[in-house]
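Below is one structure, written out as structure tokens; comments come after it.
The values are calculated or read from the model by the stated rules, or taken from the named source; none is laboratory data. Keep in mind it's a predicted model, so treat the numbers as computed, not measured. Note: ideal-geometry Cβ built from the backbone for every residue, glycine included; neighbour counts use all protein chains shown. Heavy atoms of the whole protein, side chains included, go into the accessibility calculation; ligands, DNA and RNA do not. Shrake-Rupley method; radii C 1.70, N 1.55, O 1.52, S 1.80 Å.
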Amino acid sequence: MNTRRMHQPARYVRPLQQAVRTLLDFILPPRCAICARATCGLPVPWVCPPCWDTIAYITAPTCAQCGKPFAAPPEGIASATHRCGACILTPPAYDQARAVGVYTGALRTLIHAMKYQRIYGLVPPLGALLAQQFAMHWPAGVSEALVPVPLHRSKLRVREFDQALALAQYLGQGVGLPVWTDVLTRQRPTLSQVGLSARERRQNIRGAFTVPHPQVCRGKALLLIDDVYTTGATVQECARMLRRAGAARVDVYTIARVHKIL
Ligand SMILES: [Zn+2]
Ligand SMILES: [Zn+2]
């Protein structure tokens, strides 16, 4: 493993940009990314408490594997181990996927603001959400390292911000796990997944990732980190590659998940 790259400081924000952003925060104090109310001195910068309280958290019962929420507890079945029909018919390449909330309302707006308006100040509150629920899904020792879903360099140049890496670094500090950025690499840029069917998404992402040093993940329990779980096509492909390289366990953790109640 290339430890130099693993431990280098956050590369998701260019230092100059961060300095400019800090200066801007000073001149133009942060406002709620949802309702534009001033958030100076409030516990969560960039989000006011009433907006923060509208986040739709995902609660049990959920599918034991993909984490999809069930409308009602499955009758007569131990809900902690019950899987949804899709997972039974086509088992995902990962072991367990979990998300903090539903990709709607406040959470959707905040993720958009972090990613596309480049409000880096939203990384700590969103990363803190991941950290708060982490132990509930992965008791100590279950996961050995965090692996952010990589963004292709061409996208990074346009957006200059790698949200999965930023969230993984914040979470890693909070829960005391290393962030492995060299485990997975993105071979080629992919078309936007927006508007594609589940099958088209799978085809679009196929072969997009490689594992350059398979020996590093052999026998390891890895936790993939991303911002949103949509159809799961991207994390499935990442998990498939990590498994093929010999990972003993691959889980998925995202801030939000798109879902329809079963
Ligand atoms: Zn607000
Ligand atoms: Zn499922």
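Selection of helices (runs of 4 or more DSSP H) fully inside region 197-246 by the criterion of at least 1 residues being touching a Lys or Arg at 6+ places or on another chain (Cβ under 9 Å) returns 214-217, 233-244. Just one of the listed residues (VAL250, VAL179) is modelled with pLDDT of 95 or more, touching a Pro at 6+ places or on another chain (Cβ under 8 Å), open to solvent by less than 60 Å² (accessible area, probe 1.4 Å) and within 25 Å of LEU130 (Cα to Cα), and it is VAL179.
So which residues in region 197-230 are polar (S, T, N, Q) and open to solvent by less than 60 Å² (accessible area, probe 1.4 Å), if there are any at all? Reasoning before the result, please.
So in region 197-230, the residues polar (S, T, N, Q) come out as 197, 203-204, 210, 215, 230.
Of everything in region 197-230, those that are polar (S, T, N, Q) and open to solvent by less than 60 Å² (accessible area, probe 1.4 Å) turn out to be SER197, ASN204, THR210, THR230.
State which residue is nearest to ligand 1 (Cβ to nearest atom) when the search covers only region 45-78 and only residues that are modelled with pLDDT under 85 and within 23 Å of ALA106 (Cα to Cα). In this case the residue turns out to be PRO45. Of the helices (runs of 4 or more DSSP H) lying entirely inside region 77-145, those containing at least 2 residues that are surrounded by 14 or more Cβ atoms within 10 Å (Cβ to Cβ) and within 16 Å of ligand 2 (Cβ to nearest atom) are 85-89.
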